[in-house]
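Before any comments, here is the structure.
Taken together, the values in this text are just the output of simple stated rules run on the coordinates, not laboratory data. Remember, predicted model here, so these are calculated numbers, not experimental data. Note that each Cβ is placed from the backbone with ideal geometry, even for glycine, and that neighbours are counted across all protein chains shown.
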Amino acid sequence: MAGSGKIKTLIKRDGQVVPYDRNRIVDAIFKAAASIGGFGFEEAERLAAVVELRTQESYAEQVPTVEDLQDIVESVLMEKGHTKTARAYIIYRHQRTEVREVQRGAVEATDHIPYKHIYEVLRWNIEHGCESIEGINRIIGCGDYPALVSACEDRYANECRAAGRRVLEHGDGVRLIIVAGPSSSGKTTTTIKMEEHLSKQGKKLKAINVDHYFFDLEMHPKDEFGDYDYETPQALDIELINEHLEQLLAGKAVKTPHYDFHTGKRTLNVHEIYLADDEILLMDCLHGLYSDMTRSVPDALKFRLYIETLGQLHNEKDEFMRWTDHRLLRRMIRDSWSRNHDALSTLTHWHYVRKSELQYIIPFIGNVDFLVNSAMPYEFPVLKEKLIHFFPQAIARYKDDLKRQDAYLRAHRVLQFLEPLKSTVTQKCIPQNSLFREFIGGSKYTY
């Protein structure tokens, strides 16, 4: 589709690329309107044409995701005064997803995460009174915010220990532990904490830093704005990664590269690493589940750990914070101080992050050995305090920029979600070994 201006294909939530069909948009809008006694088929067709034109203009140089298209449908319905139909449309899409899962005999939720995990997260939040904005505001008002921080940290630490136990249950055949997950899910801290647990059980671990395998910045793929894309696995030297993995597991020493994010330059043969017979190699990698990333290692030697922010926090409209929006907030902070990127730049590039997740991460979740939830409900007051001022700027700047509609819609959605939240909390109660400090700074760990 690149350069054609016409929508030909879409990327589904499971990573599949499928043909675009306007009739499906017409049908969905019409059924949503009919469910509330609204407009007829002719108006649905007119609105679908507007959605298609907006999508063509916004994604002229790339393949949009189904998520992108649905966001534009909702936005167009709201703009044209069909507020109730917009709400009905969201409900309709959710119901269709449930029907598909029942038909194929699976009970799953967002992004291939089993429903059981989602339910357990929601139940934990309800038990601790932090399943809603109202609940968190109540906790802050009662002075119980430090207790919430402690409870969240304990839950997460227990899951990291459970992951370590699962590795031990796999026996001595595990030679490579892959810690994977989407951007800003907390892979690095989870790796460290699991390593702490395993070391107490006599397991020696050796980490390989995949970030050092980025090609020089000028070799990265570019988007339609001429900006470099870090999110695709093709930005990494996959051939060299596999070569080094094979050599390490064969007992040979290798010298990994060093990548400087501030200069965008890679230097070869810098960090020497050797894997002894009694050591397990650790790989913390955004695309660790992508099959080509570790194709030189037999599956029997791998343990795959997946990290995601499985948040179940809703507002007064019963709309849940999207996991991808939660991770965006984390990354906006971290990029500003650790990778020399301003927060709005992170926002405008986030749709590339999401597209890469759908293509190279989510389709492989079914192969993981253990799942860790890294979402901390206590994060949101701090995230609001640090970032809330960016979103009105983004809304004003990108509202009429058709190529930045993802940034505009996401900024609008996040701002509405965060605005009612109290943000007068102290960060002193957040421990130095917290996963959250991977993003806000002040961690005892070296990243």
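Restricting to region 403-434, name every residue that is within 16 Å of P381 (Cα to Cα) and in contact with a Phe, Trp or Tyr (Cβ under 8 Å, 6 or more places away or on another chain).
Scanning region 403-434 gives V414, L415, L418, L421, V425, T426, C429, I430.
What strands (runs of 3 or more DSSP E) completely inside region 240-299 contain at least 3 residues that are under 30 Å from the mean Cα position of the chain (by Cα) and closer than 20 Å to F364 by Cα?
Details: elements: 254-260, 265-273, 279-285.
Per the criteria, 279-285.
Looking at this structure, is R304 among the charged types (D, E, K, R), surrounded by 18 or more Cβ atoms within 10 Å (Cβ to Cβ) and not in a helix (DSSP H, G or I)?
Working: among the charged types (D, E, K, R): yes; surrounded by 18 or more Cβ atoms within 10 Å (Cβ to Cβ): yes; not in a helix (DSSP H, G or I): yes.
Taking the combined requirement at face value, the residue satisfies it.
Quick one: in region 321-343, which of the residues that are buried (at least 19 other Cβ atoms within 10 Å of the Cβ) and of a type in the set (A, V, I, L, M, F, W, C) is farthest from Y378 (Cα to Cα)?
Among them, the one singled out is A343.
Could you look through region 400-422, keep only residues that are assigned to a helix (DSSP H, G or I) and hydrophobic (A, V, I, L, M, F, W, C), and pick out the one that is surrounded by the most Cβ atoms within 10 Å (Cβ to Cβ)? Steps first, please.
As a first pass, look at region 400-422 and keep what is assigned to a helix (DSSP H, G or I): 402-418.
Filter once more, so that each one left must be hydrophobic (A, V, I, L, M, F, W, C): 402, 407, 409, 411, 414-415, 417-418.
Numbers: L402: 15, A407: 23, L409: 20, A411: 27, V414: 25, L415: 17, F417: 23, L418: 22.
Looking at the filtered set, the residue picked out is A411.
Consider D400 against the criteria (1) without any contact (Cβ under 8 Å) to a residue 40 or more places away in the chain; (2) charged (D, E, K, R); (3) touching a strand residue (DSSP E or B) at 6+ places or on another chain (Cβ under 9 Å): it satisfies all of them except one. Which criterion is unmet?
That leaves (3) as the condition not met.
Being touching a Phe, Trp or Tyr at 6+ places or on another chain (Cβ under 8 Å), surrounded by fewer than 18 Cβ atoms within 10 Å (Cβ to Cβ) and in a helix (DSSP H, G or I) is the filter here; which residues of region 345-399 pass it?
Result: I395, single match.
Any chance region 407-417 includes a residue that's over 19 Å from N125 (Cβ atoms), over 19 Å from the mean Cα position of the chain (by Cα) and not aromatic (F, W, Y)? First the steps, then the outcome.
Step one: of region 407-417, the residues over 19 Å from N125 (Cβ atoms) are 407-416.
Still in the list and also over 19 Å from the mean Cα position of the chain (by Cα): 416.
From the residues that got through so far, the ones that are not aromatic (F, W, Y) too are 416.
Yes, that holds for at least one residue.
Taking region 137-178 as the search range and keeping residues that are outside any helix (DSSP H, G or I) and touching a residue at least 60 places away in the same chain (Cβ under 8 Å), which one is surrounded by the fewest Cβ atoms within 10 Å (Cβ to Cβ)? Step through it out loud before you land on a result.
Narrowing region 137-178 to residues outside any helix (DSSP H, G or I): 142-144, 170, 174-178.
Going one step further and asking which of them are touching a residue at least 60 places away in the same chain (Cβ under 8 Å), we end up with 170, 174-178.
Details: H170: 14, V174: 18, R175: 19, L176: 21, I177: 27, I178: 26.
Taking the candidates together, the pick is H170.
Considering only region 34-56, state which residues are over 32 Å from the mean Cα position of the chain (by Cα) and closer than 16 Å to G81 by Cβ.
From region 34-56, those over 32 Å from the mean Cα position of the chain (by Cα) are 34-46; that's our starting set.
If the condition is that a residue be over 32 Å from the mean Cα position of the chain (by Cα) and closer than 16 Å to G81 by Cβ, then I36, G37, G38, F39, G40, E43, A44, R46 are the ones that fit.
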